[in-house]
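Worksheet for the structure shown next.
The values are calculated or read from the model by the stated rules, or taken from the named source; none is laboratory data. Just so it is clear, the model here is predicted, and its values are computed rather than measured. Reconstructed Cβ throughout: ideal geometry from the backbone, glycine too, with neighbour counts over all protein chains shown.
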Amino acid sequence: MNLTPLKSLNFSKKARNKGKIKFLIIHYTGMQSMRASIKRLLSSKHKVSCHYLISREGKIFQMVEDCNIAWHAGKSKWGKLENLNINSIGIELENKGHRFGYQKFPQKQINALVRLCIKLKKKYKIKNPNILGHSDIAPLRKFDPGEKFPWFKLKEKKIGIWYPLDLNKQTSLFKKLRAKSIRKFFFKNLYKIGYRYFNKEKFSKTDIFIIKSFQRRFRQEKVNGKIDLECLKISDYLAKNH
Ligand SMILES: [Zn+2]
(Lines give C-alpha, C1' and ligand atoms only; values in the text may rest on other atoms or scores of the structure.)
Protein backbone atom coordinates (compact mmCIF):
# COMPACT_ATOMS: atom_id res chain seq x y z
CA MET A 1 0.00 0.00 0.00
CA ASN A 2 1.32 3.39 -1.01
CA LEU A 3 1.39 5.71 2.00
CA THR A 4 2.96 9.15 1.76
CA PRO A 5 4.40 10.29 5.09
CA LEU A 6 3.40 13.80 6.18
CA LYS A 7 4.19 13.94 9.85
CA SER A 8 2.01 15.88 12.27
CA LEU A 9 3.26 16.42 15.80
CA ASN A 10 -0.29 16.71 17.11
CA PHE A 11 -0.63 13.52 19.14
CA SER A 12 -0.58 12.48 22.79
CA LYS A 13 2.84 11.88 24.33
CA LYS A 14 1.98 8.47 25.67
CA ALA A 15 1.75 5.81 22.96
CA ARG A 16 -0.81 2.98 23.12
CA ASN A 17 -0.76 -0.78 22.75
CA LYS A 18 -1.99 -2.35 19.55
CA GLY A 19 -4.87 -3.93 21.50
CA LYS A 20 -6.32 -0.51 22.35
CA ILE A 21 -7.21 0.17 18.72
CA LYS A 22 -10.82 -0.92 18.25
CA PHE A 23 -12.49 1.73 16.08
CA LEU A 24 -12.06 3.42 12.72
CA ILE A 25 -13.58 6.90 12.61
CA ILE A 26 -14.30 8.46 9.20
CA HIS A 27 -14.24 12.25 8.77
CA TYR A 28 -14.27 14.87 6.10
CA THR A 29 -11.84 17.78 6.28
CA GLY A 30 -14.57 20.40 5.82
CA MET A 31 -12.16 23.01 4.48
CA GLN A 32 -11.81 25.05 1.27
CA SER A 33 -8.76 23.18 -0.02
CA MET A 34 -6.39 20.29 0.57
CA ARG A 35 -3.65 22.81 1.30
CA ALA A 36 -5.66 24.50 4.04
CA SER A 37 -6.55 21.10 5.54
CA ILE A 38 -2.92 19.97 5.64
CA LYS A 39 -1.85 23.26 7.18
CA ARG A 40 -4.41 22.89 9.94
CA LEU A 41 -3.60 19.23 10.62
CA LEU A 42 0.09 20.11 10.97
CA SER A 43 -0.38 23.28 12.99
CA SER A 44 0.70 23.16 16.62
CA LYS A 45 -1.80 25.93 17.35
CA HIS A 46 -4.96 24.03 16.39
CA LYS A 47 -4.23 20.76 18.19
CA VAL A 48 -6.07 18.62 15.66
CA SER A 49 -4.74 15.73 13.62
CA CYS A 50 -5.63 12.39 12.10
CA HIS A 51 -3.79 9.19 11.30
CA TYR A 52 -4.60 9.21 7.60
CA LEU A 53 -5.68 11.86 5.13
CA ILE A 54 -7.00 10.84 1.71
CA SER A 55 -7.10 13.32 -1.18
CA ARG A 56 -9.87 13.42 -3.77
CA GLU A 57 -7.44 11.73 -6.19
CA GLY A 58 -6.99 8.84 -3.77
CA LYS A 59 -3.54 9.65 -2.45
CA ILE A 60 -3.11 8.50 1.17
CA PHE A 61 -1.00 10.54 3.60
CA GLN A 62 0.04 9.09 6.94
CA MET A 63 0.16 11.93 9.47
CA VAL A 64 0.32 10.11 12.82
CA GLU A 65 1.53 6.56 13.50
CA ASP A 66 -1.22 4.10 14.50
CA CYS A 67 0.38 3.50 17.89
CA ASN A 68 0.01 7.17 18.78
CA ILE A 69 -3.24 8.84 19.83
CA ALA A 70 -4.23 11.46 17.24
CA TRP A 71 -6.68 14.27 18.00
CA HIS A 72 -9.58 13.85 15.60
CA ALA A 73 -12.68 12.80 17.55
CA GLY A 74 -12.88 15.45 20.29
CA LYS A 75 -15.58 15.10 22.89
CA SER A 76 -17.33 11.89 21.89
CA LYS A 77 -19.26 8.86 23.09
CA TRP A 78 -20.20 5.48 21.67
CA GLY A 79 -21.69 2.63 23.69
CA LYS A 80 -19.79 2.42 26.94
CA LEU A 81 -16.88 4.50 25.73
CA GLU A 82 -16.08 8.19 25.97
CA ASN A 83 -13.34 10.13 24.22
CA LEU A 84 -12.91 7.84 21.27
CA ASN A 85 -9.46 9.20 20.36
CA ILE A 86 -7.93 6.71 22.78
CA ASN A 87 -9.40 3.69 21.00
CA SER A 88 -9.52 4.73 17.38
CA ILE A 89 -7.76 5.47 14.16
CA GLY A 90 -8.97 8.66 12.49
CA ILE A 91 -9.26 8.90 8.71
CA GLU A 92 -9.91 12.27 7.06
CA LEU A 93 -11.30 12.57 3.52
CA GLU A 94 -10.69 15.73 1.54
CA ASN A 95 -14.11 17.35 1.07
CA LYS A 96 -15.28 20.93 1.48
CA GLY A 97 -18.05 19.75 3.79
CA HIS A 98 -21.45 21.24 4.60
CA ARG A 99 -20.01 24.67 5.30
CA PHE A 100 -18.09 25.29 2.09
CA GLY A 101 -19.97 23.26 -0.53
CA TYR A 102 -20.43 19.58 0.28
CA GLN A 103 -19.10 17.39 -2.54
CA LYS A 104 -19.67 13.84 -3.71
CA PHE A 105 -16.85 11.52 -2.73
CA PRO A 106 -14.97 10.50 -5.92
CA GLN A 107 -14.60 6.81 -6.70
CA LYS A 108 -10.78 7.06 -6.52
CA GLN A 109 -10.98 8.44 -3.00
CA ILE A 110 -13.42 5.72 -1.89
CA ASN A 111 -11.26 3.00 -3.48
CA ALA A 112 -8.25 4.22 -1.52
CA LEU A 113 -10.30 4.34 1.68
CA VAL A 114 -11.55 0.78 1.10
CA ARG A 115 -7.98 -0.50 0.66
CA LEU A 116 -6.89 1.27 3.83
CA CYS A 117 -9.86 0.03 5.87
CA ILE A 118 -9.30 -3.57 4.75
CA LYS A 119 -5.67 -3.36 5.83
CA LEU A 120 -6.44 -1.77 9.22
CA LYS A 121 -9.37 -4.09 9.93
CA LYS A 122 -7.12 -7.07 9.47
CA LYS A 123 -4.16 -5.67 11.37
CA TYR A 124 -6.13 -4.61 14.47
CA LYS A 125 -9.06 -7.05 14.23
CA ILE A 126 -11.55 -4.20 14.06
CA LYS A 127 -15.19 -5.29 14.07
CA ASN A 128 -17.63 -3.95 11.47
CA PRO A 129 -19.95 -2.21 13.98
CA ASN A 130 -16.89 -0.27 15.18
CA ILE A 131 -16.38 1.47 11.87
CA LEU A 132 -18.14 4.80 12.39
CA GLY A 133 -18.55 8.35 11.20
CA HIS A 134 -17.59 11.34 13.31
CA SER A 135 -21.25 12.39 13.50
CA ASP A 136 -22.15 9.02 15.05
CA ILE A 137 -19.93 9.63 18.06
CA ALA A 138 -20.46 13.42 18.31
CA PRO A 139 -23.99 13.93 16.93
CA LEU A 140 -24.61 17.28 18.63
CA ARG A 141 -21.53 18.90 17.05
CA LYS A 142 -20.61 17.10 13.84
CA PHE A 143 -22.06 16.28 10.41
CA ASP A 144 -19.15 14.39 8.87
CA PRO A 145 -18.69 12.37 6.73
CA GLY A 146 -22.34 13.19 5.92
CA GLU A 147 -25.19 11.94 3.77
CA LYS A 148 -23.10 11.71 0.56
CA PHE A 149 -20.70 9.22 2.07
CA PRO A 150 -21.40 5.78 0.51
CA TRP A 151 -21.69 3.53 3.57
CA PHE A 152 -23.70 0.99 1.55
CA LYS A 153 -20.83 0.66 -0.94
CA LEU A 154 -18.38 0.05 1.89
CA LYS A 155 -20.63 -2.70 3.20
CA GLU A 156 -20.25 -4.47 -0.16
CA LYS A 157 -16.54 -4.69 0.72
CA LYS A 158 -17.40 -5.98 4.21
CA ILE A 159 -16.63 -2.65 5.87
CA GLY A 160 -19.07 -1.27 8.44
CA ILE A 161 -22.73 -2.18 8.88
CA TRP A 162 -25.84 -1.81 6.71
CA TYR A 163 -29.25 -3.41 6.38
CA PRO A 164 -31.13 -5.45 3.78
CA LEU A 165 -33.01 -3.34 1.24
CA ASP A 166 -36.21 -5.20 1.90
CA LEU A 167 -37.24 -4.56 5.49
CA ASN A 168 -40.96 -4.83 5.03
CA LYS A 169 -41.82 -7.64 7.40
CA GLN A 170 -43.07 -5.70 10.41
CA THR A 171 -44.50 -2.59 8.79
CA SER A 172 -47.95 -3.08 10.32
CA LEU A 173 -46.50 -3.25 13.84
CA PHE A 174 -44.74 0.09 13.42
CA LYS A 175 -47.83 1.70 11.96
CA LYS A 176 -49.69 1.06 15.21
CA LEU A 177 -47.15 2.94 17.34
CA ARG A 178 -48.37 6.25 18.72
CA ALA A 179 -46.33 9.45 18.55
CA LYS A 180 -44.94 9.12 22.06
CA SER A 181 -44.03 5.46 21.70
CA ILE A 182 -42.46 6.15 18.30
CA ARG A 183 -39.85 8.35 19.94
CA LYS A 184 -39.25 5.82 22.71
CA PHE A 185 -38.98 2.88 20.31
CA PHE A 186 -36.58 4.70 17.99
CA PHE A 187 -34.29 6.05 20.71
CA LYS A 188 -34.17 2.68 22.48
CA ASN A 189 -32.93 1.19 19.22
CA LEU A 190 -30.34 3.94 18.81
CA TYR A 191 -29.10 3.36 22.34
CA LYS A 192 -28.67 -0.34 21.57
CA ILE A 193 -26.78 0.46 18.39
CA GLY A 194 -24.38 2.67 20.40
CA TYR A 195 -25.61 6.26 19.97
CA ARG A 196 -25.50 8.53 23.03
CA TYR A 197 -26.25 12.17 23.97
CA PHE A 198 -30.00 11.71 24.56
CA ASN A 199 -32.41 10.51 27.20
CA LYS A 200 -34.26 7.35 26.16
CA GLU A 201 -37.41 8.33 28.09
CA LYS A 202 -37.53 12.09 27.84
CA PHE A 203 -37.85 14.40 24.84
CA SER A 204 -35.21 17.07 24.38
CA LYS A 205 -34.87 19.82 21.81
CA THR A 206 -31.51 18.35 20.81
CA ASP A 207 -33.20 15.10 19.70
CA ILE A 208 -33.33 16.47 16.17
CA PHE A 209 -29.51 16.37 15.94
CA ILE A 210 -29.47 12.72 16.92
CA ILE A 211 -32.19 11.82 14.42
CA LYS A 212 -30.36 13.69 11.65
CA SER A 213 -27.11 12.00 12.53
CA PHE A 214 -28.81 8.60 12.20
CA GLN A 215 -30.33 9.67 8.88
CA ARG A 216 -26.99 10.93 7.51
CA ARG A 217 -25.64 7.46 8.15
CA PHE A 218 -28.51 5.12 7.38
CA ARG A 219 -31.31 7.07 5.65
CA GLN A 220 -29.34 9.38 3.46
CA GLU A 221 -32.05 10.43 1.03
CA LYS A 222 -34.09 12.10 3.78
CA VAL A 223 -32.18 14.06 6.42
CA ASN A 224 -35.04 16.02 7.99
CA GLY A 225 -34.88 15.16 11.70
CA LYS A 226 -38.24 13.38 11.63
CA ILE A 227 -38.65 9.77 12.68
CA ASP A 228 -40.51 8.08 9.84
CA LEU A 229 -41.43 4.48 9.11
CA GLU A 230 -38.10 3.84 7.36
CA CYS A 231 -36.14 5.15 10.37
CA LEU A 232 -38.12 2.79 12.61
CA LYS A 233 -37.55 -0.23 10.38
CA ILE A 234 -33.85 0.42 9.86
CA SER A 235 -33.12 1.14 13.53
CA ASP A 236 -35.08 -1.93 14.59
CA TYR A 237 -33.09 -4.15 12.24
CA LEU A 238 -29.72 -2.68 13.30
CA ALA A 239 -30.52 -2.88 17.02
CA LYS A 240 -31.42 -6.55 16.66
CA ASN A 241 -28.62 -7.57 14.33
CA HIS A 242 -25.44 -5.88 15.57
ZN1 LIG B 1 -14.60 15.01 11.85
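In the condition set (1) at pLDDT below 95; (2) aliphatic (A, V, I, L, M); (3) surrounded by 16 or more Cβ atoms within 10 Å (Cβ to Cβ); (4) outside the structural domain of G225 (by TED's automatic domain parsing), I182 is compliant with all but (4). Among the conditions (1) within 16 Å of the ligand (Cβ to nearest atom); (2) over 17 Å from E94 (Cβ atoms); (3) in a helix (DSSP H, G or I), the only one that K47 does not satisfy is (3).
When each of Q215, Q220 is tested for being more than 16 Å from the ligand (Cβ to nearest atom) and not in a helix (DSSP H, G or I), the lone residue that passes is Q220. The residues of the stretch 90-119 that are within 13 Å of the ligand (Cβ to nearest atom) and not in a helix (DSSP H, G or I), listed by number, are G90, I91, E92, L93, E94, N95.
Here M1 clears all of (1) of a type outside the set (K, R); (2) assigned to a strand (DSSP E or B); (3) surrounded by fewer than 14 Cβ atoms within 10 Å (Cβ to Cβ) except the condition numbered (2). Could you go through the stretch 195-205 and let me know if any residue there is within 14 Å of the chain's Cα centre (by Cα) and buried (at least 20 other Cβ atoms within 10 Å of the Cβ). Yes, the stretch 195-205 has at least one match.
Remark: pairs (first residue in the stretch 134-153, touching a residue at least 24 places away in the same chain (Cβ under 8 Å) and on the phi > 0 side of the Ramachandran plot; second residue more than 8 Å from the ligand (Cβ to nearest atom) and among the basic types (K, R); Cβ separation under 6 Å; 6+ apart in sequence or on different chains) = G146/R216. Going residue by residue through the stretch 122-134, is there one that turns out to be in the same structural domain as A73 (by TED's automatic domain parsing) and in contact with a Ser or Thr (Cβ under 7 Å, 6 or more places away or on another chain)? Checked the stretch 122-134: no residue is in the same structural domain as A73 (by TED's automatic domain parsing) and in contact with a Ser or Thr (Cβ under 7 Å, 6 or more places away or on another chain). Within the stretch 59-80, restricting attention to residues that are within 16 Å of the ligand (Cβ to nearest atom) and among the aliphatic types (A, V, I, L, M), the residue that is nearest to L132 (Cα to Cα) is A73. Residues in the stretch 226-242 that are surrounded by fewer than 17 Cβ atoms within 10 Å (Cβ to Cβ) and either within 18 Å of the chain's Cα centre (by Cα) or β-branched (V, I, T) (or both): 1 in all. Here S8 meets each of (1) touching a residue at least 12 places away in the same chain (Cβ under 8 Å); (2) more than 16 Å from the ligand (Cβ to nearest atom); (3) not charged (D, E, K, R) with one exception, condition (2). Can you say whether R56 is touching a Pro at 6+ places or on another chain (Cβ under 6 Å) and either within 16 Å of the ligand (Cβ to nearest atom) or part of a loop (DSSP other than H, G, I, E, B) (or both), as far as the supplied structure shows? Considered against the rule, which asks whether it is touching a Pro at 6+ places or on another chain (Cβ under 6 Å) and either within 16 Å of the ligand (Cβ to nearest atom) or part of a loop (DSSP other than H, G, I, E, B) (or both), R56 comes out as yes. Examine the stretch 100-108 for a residue that is within 17 Å of G19 (Cα to Cα) and either crowded, with 19+ Cβ neighbours inside 10 Å or free of Cβ contacts under 8 Å to residues at least 40 places away in the same chain (or both), and state whether such a residue exists. Scanning the stretch 100-108 turns up no residue that is within 17 Å of G19 (Cα to Cα) and either crowded, with 19+ Cβ neighbours inside 10 Å or free of Cβ contacts under 8 Å to residues at least 40 places away in the same chain (or both). W151 satisfies every condition listed in (1) more than 16 Å from the chain's Cα centre (by Cα); (2) closer than 18 Å to L238 by Cα; (3) modelled with pLDDT of 95 or more except (1).
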